[in-house]
Amino acid sequence: MGVVSPGFHRRRRESAVQLPPGQYLTEDFPVLSAGPTPRIPMEEWELTVTTETGRQHRWTWRELLDLPFETPRVDIHCVTKWSKLGTDWQGVSLDVLLAGVDTAADFALVSSYGGYTTNLPLEDLLDGQAWIAYRYDGEELEPEHGGPVRLLVPHLYFWKSAKWLQGIDLLTENEPGFWESAGYHDYGDPWREQRYQGD
Ligand SMILES: Nc1nc2c(c(=O)[nH]1)N[C@H]1C(S)=C(S)[C@@H](COP(=O)(O)O)O[C@H]1N2
Ligand SMILES: [Mo]
């Protein structure tokens, strides 16, 4: 047994240190979209995961809803400096989605209906860190917030949480997405304040 009780670090994070550096709290839910909100008919919606060998795995809306879901309560941090604590989501863990996908890739390039892309290491999508979310705060996810389906990766700046999710390419080489190509940080850890390239 060490001298520090097991609950010490958790209590500290829950009380005092709730906000990453440079962030402020917001109660409302701002909408940040780089383009118009795409409207996707559910019968046409599908999610495609493509591996580094070109193998494609597809889920229709029905198939996604049939997968076991989780209801994560998470804090979200936008690079424009607002943070929102304790947001409630429903969605499928990427661990579940990718369980049957055979890959040796280290990187993921996520793409949206409408053309938005964002990149992250594949390991940041796994181990209970990311979800394919389709409900927010007990309701269907609104189109402005990425409905029908968005990615949710709360431990990175919120630009990594692609709205209107369409596909995930699993890659052996890192490929920067939309904001990452425009000078934003490749990884985007809010606790290390990785806003821009060089941070
Ligand atoms: N497809 C798509 N996803 C996106 C964006 C976007 O412009 N297009 N903006 C990103 C940014 S910068 C943020 S902060 C969040 C905003 O999500 P919200 O509008 O639900 O608050 O979505 C991210 N995902
Ligand atoms: Mo953002």
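The values are calculated or read from the model by the stated rules, or taken from the named source; none is laboratory data. The structure displayed is predicted, hence computed values, not measured ones. Backbone-built Cβ (ideal geometry, glycine too); neighbour counts: all protein chains shown. Each accessible area value is taken on the protein alone, full model and side chains, heavy atoms only, with ligands, DNA and RNA left out. Shrake-Rupley method; radii C 1.70, N 1.55, O 1.52, S 1.80 Å.
Quick notes on this one:
- For Gln166, the amide hydrogen comes within under 5 Å of the amide hydrogens of Ser111, Ser112, Tyr113, counting only partners 5 or more places away or on other chains and with H modelled in the peptide plane.
- Normalised convex hull volume, the range 101-197, alpha-carbon set, Å³ per residue: 109 Å³
- For the range 26-134, the equivalent ellipsoid derived from the Cα gyration tensor has semi-axes of 24, 17, 16 Å, listed largest first.
- For the chain, the alpha carbon convex hull comes to 150 Å³ per residue, rounded to a whole number.
- Assigned charges on the beta-carbon of Lys, Arg, Asp, Glu; the chain dipole about Cα centre (debye): 600 debye
- Stokes-Einstein translational diffusion, the range 123-171 - Kirkwood Rh over all Cα pairs, 0.890 mPa s, 25 °C, in µm²/s: 219 µm²/s
- For the range 70-109, the relative contact order comes to 35 percent (Cα pairs under 8 Å, sequence separation of at least 6).
- For the range 15-80: rounded, prolate or oblate by the Cα gyration tensor [a/c cutoff 1.5]: prolate
- Cα gyration tensor, the range 90-146 - rounded (a/c under 1.5), prolate or oblate: oblate
- Averaging the Cα positions of each part gives two centres, and for the range 65-91 and the range 135-199 these lie 12 Å apart.
- Charged neighbours of Thr51, selected by a Cβ distance under 15 Å, balance to -4 (K, R count +1; D, E count -1).
- Fraction of accessible area attributable to carbon and sulfur, the chain (%, probe 1.4 Å): 49 percent
- Near Gly177, once Lys and Arg are set to +1 and Asp and Glu to -1 for all other residues with Cβ below 12 Å from its Cβ, the sum equals -3.
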